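Written below as structure tokens is the structure these notes are about.
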Amino acid sequence: MPATVPAAASAQPAALDDRRGAIMRMDWTQIKASVASCTSCALHARRNKTVLGVGDENADWLFVGEGPGADEDAQGEPFVGQAGKLLDSMLMAIQLKRGNNVYIANVVKCRPPGNRNPEPGEALACEPYLHRQIDLIKPKLIVALGKVAAVNLLAREATVASMRNKVHQYRGIPLIVTYHPAYLLRNLPDKARAWEDLCFAVDTMKGLQNAKGETI
Ligand code: URA
Ligand code: SF4
């Protein structure tokens, strides 16, 4: 290392690599403890409860939202408020149920104040946790709920309208994009499009399961 590089400038990236590496080796018990005590971004300061995720840790289906809102922050579980009720009905409409072959997570595990979008630095700080969750769950299909989830998982900027109706890939796992349930509560006409997306997701899942000789 050149003598002109101050020690502090090189220490931080190494520390970040160490953190990511440590998270990538965690089992579920360790992830739960690590998230519960995480202070790696500013969102830790105002949270009540961390919200790691909920459901079947071996699920075929993984739904990913943006981040906890007020209800989730109070209860420590994702999608338990109004948007969550709609998500539960969407799941029911395709014969799925929270916790039963379904896991639900978010891009950030702590509530952004006032329900603002997570900032890029916050999403980046939290990303290793979602990455590790996905490695452990090994879902057959990921459904990104809304733009924040899609943009963070696919690491590119685009609109939901342009990303839906396609099978993308997240580290080799098929990924479908649809509208966020909170958006659908405010934009009822797009509910029909979300229903098309769910049907597309079911068909995609059937193809994936049939490829491996399983049933839905
Ligand atoms: N919105 C989200 O994106 N996630 C939740 O958990 C709740 C609302
Ligand atoms: Fe840690 Fe993620 Fe919470 Fe930020 S949002 S403090 S990175 S758990």
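The values are calculated or read from the model by the stated rules, or taken from the named source; none is laboratory data. Everything numeric here is computed off the predicted structure, so don't read it as measured data. Reconstructed Cβ throughout: ideal geometry from the backbone, glycine too, with neighbour counts over all protein chains shown. To get the accessible areas, we keep the full protein, side chains included, count just its heavy atoms, and leave off ligands, DNA and RNA. Shrake-Rupley method; radii C 1.70, N 1.55, O 1.52, S 1.80 Å.
Report yes if some residue within the range 162-169 is in a helix (DSSP H, G or I), among the small types (G, A, S) and either touching a Ser or Thr at 6+ places or on another chain (Cβ under 7 Å) or open to solvent by 10 Å² or more (accessible area, probe 1.4 Å) (or both); otherwise report no.
Taking every residue of the range 162-169 in turn, at least one turns out to be in a helix (DSSP H, G or I), among the small types (G, A, S) and either touching a Ser or Thr at 6+ places or on another chain (Cβ under 7 Å) or open to solvent by 10 Å² or more (accessible area, probe 1.4 Å) (or both).
What single numbered condition from (1) open to solvent by less than 30 Å² (accessible area, probe 1.4 Å); (2) farther than 25 Å from N58 by Cα; (3) outside any loop (DSSP other than H, G, I, E, B) fails to hold for Y183?
For Y183, the exception is condition (1).
Can we say P139 is away from ligand 1 (no atom under 16 Å from the Cβ) and either open to solvent by less than 50 Å² (accessible area, probe 1.4 Å) or closer than 23 Å to L175 by Cα (or both)?
Here the answer is yes, as P139 does meet what is asked.
Return only the number of the condition from (1) out of contact with any strand residue (DSSP E or B) (no Cβ under 7 Å at 6 or more places or on another chain); (2) assigned to a helix (DSSP H, G or I); (3) open to solvent by less than 20 Å² (accessible area, probe 1.4 Å) that R132 does not satisfy.
(3)
Can you give me the number of residues within the range 27-49 that are within 7 Å of ligand 2 (Cβ to nearest atom) and charged (D, E, K, R)?
Adding up the residues that qualify gives 1.
Can you name the residue in the range 50-67 that is within 16 Å of ligand 2 (Cβ to nearest atom) and not β-branched (V, I, T) and is also most open to solvent (accessible area, probe 1.4 Å) among such residues?
Here the answer is E66.
Taking the range 205-216, which residues are open to solvent by 20 Å² or more (accessible area, probe 1.4 Å), within 27 Å of V80 (Cα to Cα) and modelled with pLDDT of 95 or more?
If the condition is that a residue be open to solvent by 20 Å² or more (accessible area, probe 1.4 Å), within 27 Å of V80 (Cα to Cα) and modelled with pLDDT of 95 or more, then no residue fits.
Tell me which residues, restricted to the range 95-123, are exposed (fewer than 15 other Cβ atoms within 10 Å of the Cβ) and more than 21 Å from K138 (Cα to Cα).
Scanning the range 95-123 gives P113, G114, N115, R116, E119, P120, G121.
Looking at this structure, is P78 over 25 Å from H44 (Cα atoms), open to solvent by less than 20 Å² (accessible area, probe 1.4 Å) and part of a loop (DSSP other than H, G, I, E, B)?
Taking the combined requirement at face value, the residue does not satisfy it.
Residue check: is A70 out of contact with any Ser or Thr (no Cβ under 7 Å at 6 or more places or on another chain), open to solvent by 10 Å² or more (accessible area, probe 1.4 Å) and of a type in the set (A, V, I, L, M)?
So A70 fits the description; yes.
Which number in (1) under 20 Å from A123 (Cα atoms); (2) of a type outside the set (F, W, Y); (3) in contact with a Phe, Trp or Tyr (Cβ under 7 Å, 6 or more places away or on another chain) marks the one condition that A59 misses?
(1)
Would you be able to tell me the number of residues in the range 18-52 that are free of Cβ contacts under 8 Å to residues at least 24 places away in the same chain and more than 16 Å from the chain's Cα centre (by Cα)?
11
Of all residues in the range 88-124, which are farther than 17 Å from C38 by Cβ and either within 14 Å of the chain's Cα centre (by Cα) or near ligand 2 (Cβ under 10 Å from one of its atoms) (or both)?
Result: V102, Y103, I104, N117.
Of V143, V151, which residue is part of a strand (DSSP E or B) and either out of contact with any Lys or Arg (no Cβ under 8 Å at 6 or more places or on another chain) or within 16 Å of ligand 2 (Cβ to nearest atom) (or both)?
V143
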